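Here is the structure we will look at, set down as structure tokens.
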Amino acid sequence: MRYQPIYDIAELCAQKGVTQAVLCPGSRCAPLTIAFSRHHDITVRTFSDERSAAFIASGIAHQTQSPAILVCTSGSAAYNFAPAVAEAFFQEIPLIVFTADRPKEWIDQLDGQTIRQTNIFGSHVKKSFTLPEDYDHPDAVWFIHRAVNEAINLAREFPKGPVHINAPFREPLYPAKEERISFNKNLKVIQSNHVAQSISADEVKGFTKRLNGFSKILILAGQNDFDDDLGKAVEKFSQLKHAPVAGDILSNLHSRQNVIRYADTFLGSCTEDVKRSLQPELLITFGKSIISKNSKLFLRKYKPKEHWHIQPFGSSADTFQSLTEIIHCDPKTFFKALSSTEIEKKFDSQKKENFKLVWQAEEHRTIRSMNSFFKSSSFCEISLVEEFISQMPARCNLHLANSMAVRYANLVGIAAGKKGIHVYSNRGASGIDGCTSTAVGHALCNEAPNFLITGDMAFFYDRNAFWHNYPLPNLHVLVLNNHGGIIFNMIDGPGNVPELNELFVTEQKLTAQHLCNEFGFEYLHVDSPKKIKNSLKDFFVFNSKTKILEFESGQEENKEAYGKFKQQIKEGYGT
């Protein structure tokens, strides 16, 4: 039982409620693999591709709202975790990342599967630990258990995130054939408790007085998990303070009726005079990143006098170059506390209401233009995404891949009141590398229907998301296959260079049919307008199989349709 302190890591994790483990095959990590796999309170899944496995673990952690365990062998395997670790860091997703290692005397000695693993993830983890490789002294055992306690506590604390534990192991790595392993129950468990935040009566009075000094207040929500109580609190604050609320599709505020969903659309098309009328005096933000580049450009040019960002702890990004105050409070607590029924002077109240009506007018103008476009448009990606989202079941998870998939969905939006639809996307680092794997992780840990909208580049890049032995009957994938990275046809710059197709768009001829045959998935194919209705109908039926619906179309017609969409919005402004 030389590895007893390592085996007890599994027991410690279980006692602290960390019970989901993603393991990657390898020999050097055998002590950890055996410990987690033989612990009856820990659910273990194995994935051969470390890059995909790490994104799956991230999806599991995000869905369960609890740290997920991630284990790999030594060498380059650890580097394959890096993209998902970075995504988890910026999306504030808790991971406990174990990388097995060689003993330190063998580093840089040309031994197999040996690289420099200490602090391998750099500043993209909250902290990195290296465990002792010998456990003869009681202090070594104490340090192992203390480090694991601290790692789990750190992963859970705001902002949540990944923590790295590098574990060097000496051979032999496996227990003897007849050897049984056991777990010590009497372990030191260190808890980290945070008292619920509150806002004092004096603070409420102070903020209320300051709020009453602004006639134009804008609330902007960044990426958030769905929280109905938060949505209600923001909505009540908005009504009482006459402040418009804007949020991307990833803000998950679509359950509320009066949220401005299409700011990205109209801020990219309206005149400078309209933008000046939309300029806030006070900007209140919460949540993480926003998708909308047009919103960023607008707020950087038409800066508010003050910008308050609300988050429980820590420093904040200054995305709009106007940050004046970080309010360390849970956003839900803040909006509830400030939703005072204090009666304002009629004149002041009317000025605030006028500002809110200006934002709502632009929203309604955009909706009319969009409705006109979608009535006349048929066979193109953006129209299919609009049709798809409008038909989604009342309760489901919607996963959006980078790059055009998430942008299409944000332009289309989700109808108000559909609080059963929860939206997810890898917008921490915003890469295409693990979008499917992350959705797979979510689907493995919940029974709700899970839908992924993805482009062909992201889909084929991450095909190893399906290379495992776990059924995914609740995952259906819509693949927008235009045979290349169409975003480079949409943005300014690449379209002007002769190397566009070969070096940027990177045209490819693959379809999803062979992948479906390989993994035993049900395959639906749309390449003409008349197939859309029946294919979508079949796609929304769950029959115990993973389904792939491939929408195959050309880049030129999609580029043209996207241009017409933007032109339709501009025509609403007479431009």
Within the range 126-184, restricting attention to residues that are surrounded by fewer than 17 Cβ atoms within 10 Å (Cβ to Cβ) and basic (Lys, Arg), which residue is nearest to the chain's Cα centre (by Cα)? Lys127
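Are any residues in the range 121-140 in a loop (DSSP other than H, G, I, E, B) and either at pLDDT below 95 or more than 21 Å from Ile6 (Cα to Cα) (or both), and if so, which ones?
So in the range 121-140, the residues in a loop (DSSP other than H, G, I, E, B) come out as 121, 125-127, 131-137.
Residues satisfying the conditions are Phe121, Val125, Lys126, Glu133, Asp134, Tyr135, Asp136, His137.
Quick check on my filter: what residues within the range 92-116 are crowded, with 24+ Cβ neighbours inside 10 Å and of a type outside the set (A, V, I, L, M, F, W, C)?
Step one: of the range 92-116, the residues crowded, with 24+ Cβ neighbours inside 10 Å are 93-101.
Passing the criteria: Pro94, Thr99, Asp101.
Taking the conditions exactly as written (among the polar types (S, T, N, Q), at pLDDT 95 or above and on the phi > 0 side of the Ramachandran plot), does Gln279 satisfy them or not? Before the answer, list the steps.
Values: among the polar types (S, T, N, Q): yes; at pLDDT 95 or above: yes; on the phi > 0 side of the Ramachandran plot: no.
Against the criterion (among the polar types (S, T, N, Q), at pLDDT 95 or above and on the phi > 0 side of the Ramachandran plot), Gln279 does not qualify.
Every residue in the range 446-463 that is part of a strand (DSSP E or B), closer than 29 Å to Thr19 by Cα and not polar (S, T, N, Q), please.
Scanning the range 446-463 gives Phe451, Leu452.
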Condition (residue is at pLDDT 95 or above and in contact with a strand residue (DSSP E or B) (Cβ under 6 Å, 6 or more places away or on another chain)) applied to the range 292-302: is it met by at least one residue? no
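Give Arg210, Arg146 a once-over and let me know the one that is in a helix (DSSP H, G or I) and over 27 Å from Ile326 (Cα atoms).
Values: Arg210 fails: over 27 Å from Ile326 (Cα atoms).
None of the others qualify; the one that does is Arg146.
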Between a first residue in the range 197-212 that is surrounded by 12 or more Cβ atoms within 10 Å (Cβ to Cβ) and a second residue that is among the charged types (D, E, K, R), which pairs have beta carbons less than 7 Å apart while being 6 or more apart in sequence or on different chains? Gln197/Asp330; Thr208/Glu342; Leu211/Lys241; Asn212/Glu344; Asn212/Asp348
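Conditions tested, residue by residue: (1) out of contact with any Leu (no Cβ under 8 Å at 6 or more places or on another chain); (2) modelled with pLDDT under 95; (3) farther than 21 Å from Asn402 by Cα.
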position: Asn482; (1), (2), (3): yes, yes, no
position: Gly485; (1), (2), (3): yes, yes, no
position: Phe488; (1), (2), (3): no, yes, no
position: Val505; (1), (2), (3): yes, yes, no
position: Pro529; (1), (2), (3): yes, yes, yes
position: Ile548; (1), (2), (3): no, no, no
position: Gly554; (1), (2), (3): yes, yes, no
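I'm trying to understand the selection: among the residues of the range 149-171, which are part of a loop (DSSP other than H, G, I, E, B) and either of a type in the set (Gly, Ala, Ser) or under 19 Å from Gly59 (Cα atoms) (or both)?
If we filter the range 149-171 for residues that are part of a loop (DSSP other than H, G, I, E, B), which is where we start, we get 157-161, 169-171.
Hits for the range 149-171 are Glu157, Phe158, Pro159, Lys160, Gly161.
Output the number of residues of the range 489-546 satisfying the condition of being at positive phi and free of Cβ contacts under 8 Å to residues at least 12 places away in the same chain. Show your work before the answer.
At the first step, the residues of the range 489-546 found to be at positive phi are 493, 506, 520, 544.
Of the ones still in play, those that are also free of Cβ contacts under 8 Å to residues at least 12 places away in the same chain are 493.
Count: 1.
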Within the range 17-30, can you find the residues that are surrounded by fewer than 21 Cβ atoms within 10 Å (Cβ to Cβ) and closer than 23 Å to Glu150 by Cβ? Gly17, Thr19
So in the range 42-91, with the set limited to residues that are surrounded by fewer than 23 Cβ atoms within 10 Å (Cβ to Cβ) and among the aliphatic types (A, V, I, L, M), which one is farthest from the chain's Cα centre (by Cα)? Ile42
For Leu218: the one exception among (1) farther than 20 Å from Leu411 by Cβ; (2) surrounded by fewer than 22 Cβ atoms within 10 Å (Cβ to Cβ): (2)
Taking the stated definitions as given, is Ser377 touching a helix residue (DSSP H, G or I) at 6+ places or on another chain (Cβ under 7 Å) and at pLDDT 95 or above? no
Can you pull out the residues in the range 238-261 that are more than 13 Å from Ala221 (Cα to Cα) and among the hydroxyl-bearing types (Ser, Thr, Tyr)? Ser255
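The values are calculated or read from the model by the stated rules, or taken from the named source; none is laboratory data. Since we're looking at a predicted model, the values are computed, not measured. Quick reminder, even Gly has a Cβ in these numbers, built from the backbone with ideal geometry, and neighbours come from all protein chains shown.
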